[in-house]
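So the structure is just underneath, and the comments pick up after that.
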Amino acid sequence: MRDPRKQDFTPSCLDFGPVAFYLARHFGFCYGVENAIEISYRALDENPGRRVFLLSQMIHNPEVNNDLRNRGIKFIMDTDGTQFIPWEEILPDDIVIIPAFGTTLEIEERLRQRGVQVEQYNTTCPFVEKVWNRSEKLADAGYTIIIHGRPRHEETRATFSHSASHGQSVIVRDLTEAKRLGEYITGQRPYHEFYTDFAQRYSEGFQPEKHLQRVGVVNQTTMLATETQEIATYFRELMIKVYGAENLREHFADTRDTLCYATNDNQEATYRLLETPADLAIVVGGYNSSNTSHIVELCERAFNTYFIESEREIASPSEIHHFNIHTRERQVSTGFLPQKEKVRIVLTSGASCPDTLVDRVILKILSYYPEATPLAEVMQEMETT
Ligand code: SF4
C-alpha cells in the first residue's frame, strides 16, 4: 500500500530480539505461477471423472507439485523431457494442462494428434509468450536468435521451438558459451566444430558462416539480468569489431533483456538484501528452479547461503540440509546459526515458492529462540509503522 508502483526494493526487517530476519521486498509467487495453479485447480473442478494430466511440473516447486498429485493430477513427463506416460496412453477425452513455461510446437502437435484440446487449459505465462513474440519479430527482420537460457529447461526448449519455427536459433547457457559462439563470428574457430559445440542447440539448417552475421539476443525469463546484459553487450561489441560501428544495426538487433517483471523485481530486491549486515542467508525454493538458483547465486556474493526446499531441512539449531547449486548435490552443514547475541538472517524465496513455506522457516528458527519477542507482537508493530 505504501508502495503502489512496487518501486521500493528496501528489505523489511522482522526483529525478534535475539534473531532478526531481513525479508526481500519482493519474493514468492509471481503472476504466471498463481495463474497456472488457479487454472489447474479449475481443470480438476470442471472435469470430475475425467483424467487430468499435467504435461510436466507445473512450476519447479515440489510442495505445489505434490499437492496437485494428491488431488489426482498425473504428470506426463519429467522436467528434462523423460516420459512417464507414453503418448499412446493419452486419449481424446483426457485433459492436458500446459504448464506456465509453455511447451514446444512439436509436443502441442503430438497432443493434437491424440485428440487433446491443447488450448483448453493452457497456462503458458504471458511473459513467456512475450519472448516468443520478440523472437518472431527478430526472425522476421532476418536476425538469428541467440537464446540465453538453460538448454534443458522446459521454458528454453519451448522458446527455442517457437523461435526456430520462424528463423535460425541457437542456445547459449552463459557468457563463456557466448564467447565460444563469438569465435565462429570472428572466424577463429573452424565452422565444422560448431555442430558438436552446440549439438542439439541449433535450429535445422544452421550454417555458422552464414547465420551468425546478423544476431539478436533474447533470454529465458528467469536468467540473471546482468548476465544477459553482458552477453548482449559482448555480441554488440563483437559486431562493431567485425563489421564497424557504422554497420552495427545491420548485424545486431538491440533488444533489451526479456526477463519478466517478477524475475526483475526479485533480483532487484535481492541486490538490496546484499547490503544488509546479515550473518547468513536462507533461500527457499525448488532445487530445479532457475530463478531461485539465481537468487542463491546473488546471495552467495555476500553471505554464507543455504538453499532449502522447506523448513524440514533445518534439522536442529546447528544442522541444516541444503543444496549446493555448483555441485548440484545436497549437503549437510553444521553450526549454520552463529552463537552471538543477535543473529541476522536474510530470508527470501523464488517465484515458484508459496509464501507459507517462508513463514514456516521463520517459525522453525524462532522455535530455537524461546526468549524471542512473540510473532504477533512483531507483526503488529510492523503494521503500525
Ligand atoms: S517467473 Fe515470470 S515468466 Fe515465469 S511464470 Fe512467473 S511471471 Fe511468468
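The values are calculated or read from the model by the stated rules, or taken from the named source; none is laboratory data. The structure presented is a predicted model; accordingly, all values stated were derived computationally and were not measured. Heads up, the Cβs are rebuilt from the backbone with ideal geometry, glycines too, and the neighbour counts pull from every protein chain shown.
Would you mind finding the one in 275, 309 that is within 30 Å of residue 258 (Cα to Cα) and within 16 Å of the chain's Cα centre (by Cα)? Reasoning before the result, please.
Working: 275 fails: within 16 Å of the chain's Cα centre (by Cα).
Going through 275, 309 in turn, the sole match is 309.
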(message) When the residues of region 258-303 are narrowed to those that are in contact with a His (Cβ under 6 Å, 6 or more places away or on another chain) and within 14 Å of residue 346 (Cα to Cα), which ends up modelled with the highest pLDDT?
(response) 269
(message) Scan region 115-123 and tell me whether some residue there is under 22 Å from residue 197 (Cα atoms) and either outside the structural domain of residue 236 (by TED's automatic domain parsing) or surrounded by fewer than 16 Cβ atoms within 10 Å (Cβ to Cβ) (or both).
(response) no
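Give the number of residues within region 71-103 that are at positive phi and more than 16 Å from the ligand (Cβ to nearest atom). Quick ask: steps written out before the conclusion?
Taking region 71-103 as the starting set, the residues that turn out to be at positive phi are 72, 81, 102.
Next cut, more than 16 Å from the ligand (Cβ to nearest atom) only: 72, 81.
Here the count works out to 2.
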(message) I'd like the residue in region 212-242 that is of a type in the set (D, E, K, R) and at pLDDT below 95 and, out of all such residues, is nearest to the ligand (Cβ to nearest atom).
(response) 227
(request) Give the residue that is nearest to the ligand (Cβ to nearest atom), with candidates limited to residues of region 116-144 that are more than 30 Å from residue 89 (Cα to Cα) and among the charged types (D, E, K, R). (result) 130
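Would you mind stating whether residue 141 is among the hydrophobic types (A, V, I, L, M, F, W, C) and farther than 19 Å from residue 58 by Cα? Outline the logic, then answer.
Values: among the hydrophobic types (A, V, I, L, M, F, W, C): yes; farther than 19 Å from residue 58 by Cα: yes.
Yes: the conditions hold for residue 141.
Between 293, 289, which is in contact with a Gly (Cβ under 6 Å, 6 or more places away or on another chain) and over 30 Å from residue 141 (Cβ atoms)?
Details: 293 fails: in contact with a Gly (Cβ under 6 Å, 6 or more places away or on another chain).
Answer to the selection: 289.
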(message) Taking the criterion of being assigned to a helix (DSSP H, G or I), surrounded by fewer than 16 Cβ atoms within 10 Å (Cβ to Cβ) and within 16 Å of the ligand (Cβ to nearest atom), would at least one residue in region 279-293 satisfy it?
(response) no
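Determine whether residue 49 is away from the ligand (no atom under 16 Å from the Cβ) and modelled with pLDDT of 85 or more. It would help to see each step written out before you state the result.
Values: away from the ligand (no atom under 16 Å from the Cβ): yes; modelled with pLDDT of 85 or more: yes.
Answer is yes for this residue.
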(request) Would you please name the residue that is farthest from the ligand (Cβ to nearest atom), looking only at residues in region 104-115 that are within 24 Å of residue 203 (Cβ to Cβ) and of a type outside the set (A, V, I, L, M, F, W, C)? (result) 113
(request) Kindly provide the set of residues from region 287-345 that are in contact (Cβ under 8 Å) with a residue 60 or more places away in the chain and of a type in the set (S, T, N, Q), ordered by number. (result) 288, 289, 290, 291, 292, 310
(message) Between a residue in region 145-168 that is away from the ligand (no atom under 16 Å from the Cβ) and any residue that is of a type in the set (Asp, Glu), which pairs come within a Cβ distance under 7 Å, given they are 6 or more apart or on different chains?
(response) 152/80; 161/106; 166/136; 166/140
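Hey, could you check region 243-278 for residues that are part of a loop (DSSP other than H, G, I, E, B) and in contact with a strand residue (DSSP E or B) (Cβ under 7 Å, 6 or more places away or on another chain) and say which is farthest from the ligand (Cβ to nearest atom)? Let's see the steps before the verdict.
Filtering region 243-278 down to residues part of a loop (DSSP other than H, G, I, E, B) leaves 244, 254-260, 274-278.
Then drop every residue that is not in contact with a strand residue (DSSP E or B) (Cβ under 7 Å, 6 or more places away or on another chain), which leaves 255, 257-259, 276-278.
Values: 255: 16, 257: 13, 258: 9, 259: 8, 276: 24, 277: 30, 278: 25 Å.
Ranking the qualifying residues of region 243-278, first place goes to 277.
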(message) Pull out all pairs, ordered by first then second residue, where Cβ-Cβ is under 7 Å, the residues are six or more apart or on different chains, the first lies in region 103-122 and is in contact (Cβ under 8 Å) with a residue 24 or more places away in the chain, and the second is surrounded by fewer than 17 Cβ atoms within 10 Å (Cβ to Cβ) and not in a loop (DSSP other than H, G, I, E, B).
(response) 114/87
